[in-house]
Structures are given as C-alpha cells and as structure tokens.
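Visitor: The structure's right below; bear with me while I get my questions together.
The values are calculated or read from the model by the stated rules, or taken from the named source; none is laboratory data. Because the structure is a prediction, the values reported are computed rather than measured. FYI the Cβ positions are ideal-geometry reconstructions off the backbone, even for glycines, and counts take in every protein chain you see. With ligands, DNA and RNA removed, areas are computed over all heavy atoms of the protein, side chains included. Shrake-Rupley method; radii C 1.70, N 1.55, O 1.52, S 1.80 Å.
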Amino acid sequence: MRKKNMILLLVLLFVLIALPFISSSKTSTGKLQAIATIQQRKELTKNDLIFDLTQELNATVILKIQFIGFESSMINLSALEGDLYNTLSHPKNPPLEDVSFAFEFSFATKNKTETLKDYISSIAVNGTNTGYDLDIDLLLDDLNSGNRSNIFIPRDGMSINAELVEDYLYQHFYQEPVNETSYTFFIANFSEFDSADHSLEHWYDTSGIDLDSEQPITWWYSGYGNLSKRAAMGWGGNYRFCYLDVSARSWYLDYVKTAWTALGGDGSELYYKYPDLDNLTQTFDPHMTEGQAKIQQYLSDWINSYIGNIFSKPVSSKVCIYQTVSLQVKVFENLTDNGFALEDITWCINQSKIFNQLQSDLPWINFDVKVEWTKLSDYPDLFDYLQSRIEEDIDGKYIEVWPEVFNYLSNHRSDYFNLETAEFVLPCYFFITNEVGFRYRGISFAGLGGMGWEILLATQNSLFENGQLDQPRRGMSQVMIHELGHSLGLPHPHSGTFGWGSSFVADVMSYFAMEPGYSTFYQDAIGCAQTEANFHYALTEYETALQLYADAGEPQALNDLITQIYDSLTLIPTYYKQMDYNQSATKAFVVREQLQQLFDTLQNTGTSSSKTLTSTSYFGISLAIVLPVFILTKKVLRRRKDVN
C-alpha cells in the first residue's frame, strides 16, 4: 500500500511540475489561434499581411516624358534614358521608401504641336520692351561695390504667359494618372519663335501678388526692384506635370551663376554654359555624333534636375510625421520706438492668411497658427544682446547670426514660446528692425528655417518702398510659409546636387516663383512621407498589438476595433497608389490612433488577470499543492504504521 501511495504521490508531483511547460505550449498555441481567428475573417495570414502591404507602398514613379517640336532622329532615347537617375534614396529614420523611376518617352504629333504653337502665338505679346534681361556687368560691379543699380533692363521679343500655357497643356496634352504613381514632363523646342540672329528671343513670364500687401510683386533679392514680371523657360506645379521650353531664354540662370555661387549655383550642368538649345546647336552640329552627344547631355542635365528636386517627392530626414502642428510667431519689433504706429506695420504678417494657405495645401495636418506682437525693447536682455552684435560694411549694418546668435536664440526658445502645445511645435522669432539686416554665414536673409524653429527679419525698407508708409512693398507671410516648409521637411526645387534648372515651378519654396503656397509636387512629398512613415510604424505596432491581444486572453470586446485597424491598414496602400495622399496620410494618422486606443485598452485589461499564467506562477502553485499533500500522506502512513 505504501508503495502505491508513493507512486501516486510522485505522479501527482510530476504532473504539477510539468504544468508550466504544458501551459506555456498552450499559451503559445493560443496566441497563434488568436491571430488566426482575427485574420481568418480576412483570409490572410500574419506574414501575408505585413509582406503585401509593405511591398505595395514601394511604388515606382512613372515619369512620362513627351517631346514637343523635336525631330525623333535628334534624340537617342535609349542613350538618354541611360543618363537619367532611376533610383533616389530617401531617409530611413523615419522609415521612408526609396524612389525608383520608370520612363515612358513619346513625341507629340505634328498636328498637336502646330496647334500648341498657334495658341502660344495668339496669347503672346510681341514687340519692344516686352520683358527684362540682366545686365551681368552691372551686377558684377554691384557685387564688388555694394551699390544697387538697375540691373534689369528692358528687352524686345516674345513674352508668353506661363500660366496660360500650363492650363492649355492640362486641357489638351496631359492625362491624369489612373491607379499609378506618375508625373509628366513636357519638353518643347520652339526655336522658330526667335529671330535668326537671336536679337529677338521668347520666354514665359510669370507674375505675382504679395499675400500681405496685396500689391503686385516687383521686388527682387538683395534690395533690387522694378521687376514687374519674371522670365521663365517653362512652368508647372498646379497639376502633376511641368513643361520646359529648352529654346526659350531666361536671365535667371545668369543671375544664379553670377550672384549665388555660394548657394551652389555654379554647377557643371550644360544649361549654365548654354542657356538655351540654340546656343548649343550653333556650337555643335546636331546631325554629327558629337552634337548628338551634347544634346543628349544637355537634355539629361535638365531632366535630372527635375527628377532630383521635384519628381522624386524629396524630403529631408527632419520631415514632420505628426498630425498636429503649432506655429508660434513672436514679432519683436522696434519700429514703434522709431516713429512708426503699430497699426501701420501689423499688415506685414497675417495669421489667418497663413493658416488658410496651409490648410488649403496640406488639409490632413491640423495647424494652429498664432502671431503675437511685442516690442523688442520690452525684452532688455535680448535687445541689449542683439545691439551688441551689430556690425557694418559696404552693404550696411547687419548682425551675423552664426553661430553665437543662432545658439542663443535656440537655447532660449522656452523663454518665449510654449513648446508643449502640439505634437510638433514650430517657434518663430520675427525681428523687425529699423535698418539692421541679418546674415547667416555671410549671406543676407529674410528667413531662416529647417531647424525645427525659424528666424524672420524685416526692415522698414524691405516692408515699404524707401521706407514710405503709403507704399507697402513686401510682407512676410510667404516667407513664413517658405521657412515652415523647411521645418516640415521640404527642400528648395533647386540644389547643388541636382542643379538649379528645375527652379521654374509654382512653389513658395522656389527662389524664382512668387507663389504663396506649395506646389502639387511638394504637397505630394509631405503627404507621401507622412503616409510611409506612419504606415510602417503602424505595421510594427499592429503585430505587437495582436500578440498583446492573445496574451490578454483574447477579449472578444476588442475584435471590432482590431477589425477596424485591419481595414484601415488595407485601405492605405490603395489611396497611396492612387496618389490620394490626403486620404492615405489621414488614414495613417487614424490607424495609429486606433492602435493607441487598443494598447491603452489592453494595458487596462492587464496580462496579469488573463487566462495565461507564467511558469513561475505554476511552480509556486505546484509547491503549494504538493507540500500539503506530501505532509498529509506522510502522516497517514505513520498512523497506519502505528496501528500495525
């Protein structure tokens, strides 16, 4: 009997000790069953879900290049394609997709080409003093002397309205992408618009209205003015295409390579040396091998500039991936201490206009915009510090902000701004001085951004013509939107890497354009980046959430929420592929909020109260059961022994 009891006791002990391992196996099986239960309704496995959705976001950009006015024999398409960028890297923190390009080439029919030329001729203004050219010698003298001369001189030729041509191409040439990620680039050659000796050229004029003063924009950089319109070689940005007439003539690249070499405006691209196609073909015979090679390089330089700066949806590693953004502008002005009334200067930055423009361009982001006015003299420490930094040279009085002033302002942000009001807070110091300018590494600026905070600078002469109150010149709302664009992650549509040829685009980020907002290309860039980053984060969070769901004992009350999350995840790639970045970015924000809700619920449920027990818990229970049984059995055996 004793032997049988001991055997039973050992069996019981073995079972109890083995329970943790059996339970662990059942728990693991339970997790898999929970995942399968959720996903069986969708007919997908966990691995299928993650793999398919990730791959679908890695969309290739189809770039459709159509040549207008070119003979097909003039261009070796296969050789040209070999010179174009076909892959460009994007940041990996946050996790963004690299961009690859597939090219589709075509030539416009003769009939469509002639119809377009007829339209351009019908809207063009031909004659004397129809546009402006650049006096390069006078510009060089000014750069050396610090003077400001009339460097823009009247010119004769054919002035074409750039926006009207863009609209015509949209109506008669362009095809909207359908279930594909694609952009279109029209490249034209209308050399016949020019006279044989090139004394008469053609160009595409753009103009603009200042967002704040509501006056026509006539200013240029560095104190230059009297420029009522700007001559481009093409245009784009209101739709998902650009056009470029390589036979047109613009003074802009001459200015870039003369005055802005410090900004990367002196690259090796052929368009700096040959400002239009006629200059190139007069030097190199397009029917000879060398001439064809030069044309190929010339075209690839132009196209690559657009690929790198525009069509690749470029963003920096600092791209904002948040849904709530607080822009806080604090205006430190000293003009009221110099005889100006506050009501005469508050027009220069407009809170509602900034907000309306941002909401129009990026509707999936919740912006909060605040502009606060204060006297600089009310902050004596800041006032005295800036006064102590004033220097003067041939260009006038200035403060060099790098590095001391820059670091001072950066370190004191919390003294002037509330940095806890949103997921992403953008503080902006806006200084209005009597006559003192700001410079960054020796270069004058009206705005400096991209640091997660901004600096704006205006003087009485930048706000008003010759400082006259009745002649408002230039407000700062567009500058604010430009600098905010950098902090959201946007570059300029020009760069030292890809060149300045792609500057002719309707975008506030362009130095050439006079637009108040972001082009379609840069709206796409922000929406695309926010979609990709939040989608990839959501996939990881979703996998973790399913595991926690199983660990919590598969609470059925959460099934609907998990199903909603799954449905949101499956919709994001669909919107993304359709280039509906408003919907894809919005849905990515929503799914991460849903996941946070799921995590919060699971944490409240708690794994400790679930059906699953840990190995340590089972071992403790085993001891609690085995020890009393062992003691009781021993007593029984002892009593029996005594009886016997």
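Visitor: Out of the residues in the range 131-160 that are surrounded by 18 or more Cβ atoms within 10 Å (Cβ to Cβ) and among the small types (Gly, Ala, Ser), state the one that is farthest from ASP205 (Cα to Cα).
Guide: Step by step, filter the range 131-160, then rank; the result is GLY157.
Visitor: Just checking, how many residues over the range 193-207 are crowded, with 18+ Cβ neighbours inside 10 Å and under 28 Å from SER352 (Cα atoms)?
Guide: Number of matching residues: 1.
Visitor: Quick one: in the range 431-447, which of the residues that are in a strand (DSSP E or B) and either within 23 Å of ASN366 (Cα to Cα) or of a type in the set (Val, Ile, Thr) (or both) is most open to solvent (accessible area, probe 1.4 Å)? First the steps, then the outcome.
Guide: Here is the first cut: in the range 431-447, the residues in a strand (DSSP E or B) are 431-433, 437-440, 443-445, 447.
Adding the requirement that they be either within 23 Å of ASN366 (Cα to Cα) or of a type in the set (Val, Ile, Thr) (or both) leaves 432-433, 443.
Details: ILE432: 1, THR433: 16, ILE443: 66 Å².
Ranking the candidates gives ILE443 first.
Visitor: Of the residues SER477, SER568, SER519, SER503, which is among the hydroxyl-bearing types (Ser, Thr, Tyr) and closer than 30 Å to ASN604 by Cβ?
Guide: Working: SER477 fails: closer than 30 Å to ASN604 by Cβ; SER519 fails: closer than 30 Å to ASN604 by Cβ; SER503 fails: closer than 30 Å to ASN604 by Cβ.
Step by step, each of SER477, SER568, SER519, SER503 is checked, and only SER568 is among the hydroxyl-bearing types (Ser, Thr, Tyr) and closer than 30 Å to ASN604 by Cβ.
Here is a yes/no grid of residues against (1) of a type outside the set (D, E, K, R); (2) under 20 Å from SER462 (Cα atoms); (3) at pLDDT 95 or above; (4) crowded, with 16+ Cβ neighbours inside 10 Å:
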residue	(1), (2), (3), (4)
THR346	yes, yes, yes, no
ILE349	yes, yes, yes, yes
SER360	yes, no, yes, no
TRP364	yes, no, yes, yes
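Visitor: Also, quick follow-up: Could you list all residues from the range 400-435 that are in contact with a Gly (Cβ under 8 Å, 6 or more places away or on another chain) and modelled with pLDDT under 95?
Guide: GLU435
Visitor: Name the single residue, out of those in the range 182-229 being among the polar types (S, T, N, Q) and in a helix (DSSP H, G or I), that is modelled with the lowest pLDDT. It would help to see each step written out before you state the result.
Guide: Step one: list which residues in the range 182-229 are among the polar types (S, T, N, Q), which gives 182, 184, 189, 191, 195, 199, 206-207, 213, 215, 218, 222, 226, 228.
Remaining after also requiring in a helix (DSSP H, G or I): 191, 222.
On the way: SER191: 95, SER222: 88.
Selected residue: SER222.
Visitor: Another question about this same structure. Out of the residues in the range 113-145 that are over 36 Å from the mean Cα position of the chain (by Cα) and β-branched (Val, Ile, Thr), state the one that is nearest to PHE70 (Cα to Cα).
Guide: THR115
Okay, residues lined up against (1) in contact with a Ser or Thr (Cβ under 9 Å, 6 or more places away or on another chain); (2) of a type in the set (Asp, Glu):
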{"site": "TYR385", "(1), (2)": "no, no"}
{"site": "ASP395", "(1), (2)": "yes, yes"}
{"site": "PHE406", "(1), (2)": "no, no"}
{"site": "LEU426", "(1), (2)": "yes, no"}
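Visitor: Considering SER502, SER487, SER510, which residue is under 26 Å from VAL315 (Cβ atoms), polar (S, T, N, Q), at pLDDT 95 or above and assigned to a loop (DSSP other than H, G, I, E, B)?
Guide: Values: SER502 fails: assigned to a loop (DSSP other than H, G, I, E, B); SER487 fails: assigned to a loop (DSSP other than H, G, I, E, B).
Result of the check over SER502, SER487, SER510: SER510.
Visitor: For THR459, which of the numbered conditions (1) farther than 21 Å from SER410 by Cα; (2) surrounded by fewer than 20 Cβ atoms within 10 Å (Cβ to Cβ); (3) not charged (D, E, K, R) fails to hold?
Guide: Result: THR459 fails condition (2) only.
Visitor: Please pick out the residue among GLN323, GLN282 that is open to solvent by 20 Å² or more (accessible area, probe 1.4 Å) and either within 23 Å of the chain's Cα centre (by Cα) or at positive phi (or both).
Guide: Details: GLN282 fails: either within 23 Å of the chain's Cα centre (by Cα) or at positive phi (or both).
Within the list GLN323, GLN282, the selection yields GLN323.
Visitor: Might you check whether a residue that is under 20 Å from VAL331 (Cβ atoms), free of Cβ contacts under 8 Å to residues at least 12 places away in the same chain and small (Gly, Ala, Ser) occurs anywhere in the range 358-381?
Guide: Initial filter on the range 358-381 (under 20 Å from VAL331 (Cβ atoms)): 358, 367-381.
In the following step, the residues that additionally are free of Cβ contacts under 8 Å to residues at least 12 places away in the same chain were identified as 378, 380-381.
The next check asks that each one be small (Gly, Ala, Ser); those that pass are none.
No, the range 358-381 contains no residue that is under 20 Å from VAL331 (Cβ atoms), free of Cβ contacts under 8 Å to residues at least 12 places away in the same chain and small (Gly, Ala, Ser).
Visitor: Part of a helix (DSSP H, G or I), charged (D, E, K, R), open to solvent by less than 50 Å² (accessible area, probe 1.4 Å) and over 27 Å from ILE481 (Cα atoms): which single residue out of GLU541, GLU532 fits that description? Give the steps one after another, and end with the answer.
Guide: Values: GLU532 fails: over 27 Å from ILE481 (Cα atoms).
Answer to the selection: GLU541.
Visitor: For the range 144-166, what are the residues that are touching a residue at least 40 places away in the same chain (Cβ under 8 Å) and assigned to a helix (DSSP H, G or I)?
Guide: The answer is SER145, ALA162, GLU163, LEU164, VAL165, GLU166.
Visitor: Being of a type outside the set (Gly, Ala, Ser) and either open to solvent by less than 60 Å² (accessible area, probe 1.4 Å) or on the phi > 0 side of the Ramachandran plot (or both) is the filter here; which residues of the range 208-228 pass it? Full working, then the answer.
Guide: Restricting attention to the range 208-228, the residues satisfying the condition of being of a type outside the set (Gly, Ala, Ser) are 209-212, 214-221, 224, 226-227.
Hits for the range 208-228 are ASP210, LEU211, ASP212, GLU214, ILE217, THR218, TRP219, TRP220, TYR221, TYR224, ASN226, LEU227.
Visitor: Name the single residue, out of those in the range 327-338 being touching a residue at least 60 places away in the same chain (Cβ under 8 Å) and more than 34 Å from the chain's Cα centre (by Cα), that is least open to solvent (accessible area, probe 1.4 Å).
Guide: We begin by selecting, within the range 327-338, every residue touching a residue at least 60 places away in the same chain (Cβ under 8 Å); these are 327-335, 338.
Remaining after also requiring more than 34 Å from the chain's Cα centre (by Cα): 334-335, 338.
Working: ASN334: 23, LEU335: 0, ASN338: 71 Å².
Checking each candidate, the answer is LEU335.
Visitor: Taking GLY452 as the residue in question, decide whether it is touching a His at 6+ places or on another chain (Cβ under 9 Å), closer than 25 Å to SER414 by Cα and either open to solvent by less than 30 Å² (accessible area, probe 1.4 Å) or modelled with pLDDT of 95 or more (or both).
Guide: On the way: touching a His at 6+ places or on another chain (Cβ under 9 Å): no; closer than 25 Å to SER414 by Cα: yes; either open to solvent by less than 30 Å² (accessible area, probe 1.4 Å) or modelled with pLDDT of 95 or more (or both): yes.
So GLY452 does not fit the description; no.
Visitor: Restricting to the range 546-578, what's the tally of residues that are of a type in the set (A, V, I, L, M, F, W, C) and farther than 15 Å from PHE535 by Cβ?
Guide: Going residue by residue through the range 546-578, those that are of a type in the set (A, V, I, L, M, F, W, C) are 546, 548, 550, 552, 557-558, 561-562, 565, 569, 571-572.
Within this subset, residues satisfying the condition of being farther than 15 Å from PHE535 by Cβ are 546, 548, 550, 552, 557-558, 561-562.
Within the range 546-578, residues that are of a type in the set (A, V, I, L, M, F, W, C) and farther than 15 Å from PHE535 by Cβ number 8.
Visitor: For the condition open to solvent by 30 Å² or more (accessible area, probe 1.4 Å), of a type outside the set (A, V, I, L, M, F, W, C), in contact with a Pro (Cβ under 9 Å, 6 or more places away or on another chain) and over 30 Å from THR531 (Cα atoms), what is the one hit in THR128, THR109, THR115?
Guide: Details: THR109 fails: in contact with a Pro (Cβ under 9 Å, 6 or more places away or on another chain); THR115 fails: in contact with a Pro (Cβ under 9 Å, 6 or more places away or on another chain).
Being open to solvent by 30 Å² or more (accessible area, probe 1.4 Å), of a type outside the set (A, V, I, L, M, F, W, C), in contact with a Pro (Cβ under 9 Å, 6 or more places away or on another chain) and over 30 Å from THR531 (Cα atoms) holds for just one of THR128, THR109, THR115, which is THR128.
Visitor: Still on this structure, please answer the following. Sort through TYR204, TYR168, TYR183, TYR174 and tell me the only one that's of a type in the set (Phe, Trp, Tyr), in contact with a Phe, Trp or Tyr (Cβ under 8 Å, 6 or more places away or on another chain) and over 18 Å from THR113 (Cβ atoms). Lay out the reasoning, then the answer.
Guide: Working: TYR204 fails: over 18 Å from THR113 (Cβ atoms); TYR168 fails: over 18 Å from THR113 (Cβ atoms); TYR174 fails: over 18 Å from THR113 (Cβ atoms).
Exactly one of TYR204, TYR168, TYR183, TYR174 is of a type in the set (Phe, Trp, Tyr), in contact with a Phe, Trp or Tyr (Cβ under 8 Å, 6 or more places away or on another chain) and over 18 Å from THR113 (Cβ atoms), namely TYR183.
Visitor: Looking only at the range 339-350, decide whether some residue is more than 18 Å from ASP212 (Cβ to Cβ) and more than 26 Å from the chain's Cα centre (by Cα).
Guide: Looking for residues that are more than 18 Å from ASP212 (Cβ to Cβ) and more than 26 Å from the chain's Cα centre (by Cα), one finds at least one in the range 339-350, hence yes.
Visitor: Among the residues of the range 507-529, which ones are open to solvent by 30 Å² or more (accessible area, probe 1.4 Å) and of a type outside the set (Asp, Glu)? Break it down stepwise before answering.
Guide: Filtering the range 507-529 down to residues open to solvent by 30 Å² or more (accessible area, probe 1.4 Å) leaves 511, 515-516, 523.
Within the range 507-529, TYR511, PRO516, GLN523 meet the criteria.
Visitor: Sticking with this structure for a sec: Which is without any contact (Cβ under 8 Å) to a residue 60 or more places away in the chain, open to solvent by 10 Å² or more (accessible area, probe 1.4 Å) and farther than 30 Å from SER477 by Cα, of THR570, THR563, THR574?
Guide: On the way: THR570 fails: without any contact (Cβ under 8 Å) to a residue 60 or more places away in the chain; THR563 fails: without any contact (Cβ under 8 Å) to a residue 60 or more places away in the chain.
Going through THR570, THR563, THR574 in turn, the sole match is THR574.
Visitor: Here's a follow-up. Select, from LYS370, LYS318, LYS353, the only residue that is open to solvent by 30 Å² or more (accessible area, probe 1.4 Å) and assigned to a loop (DSSP other than H, G, I, E, B).
Guide: Numbers: LYS370 fails: assigned to a loop (DSSP other than H, G, I, E, B); LYS353 fails: assigned to a loop (DSSP other than H, G, I, E, B).
Residue meeting the stated conditions: LYS318.
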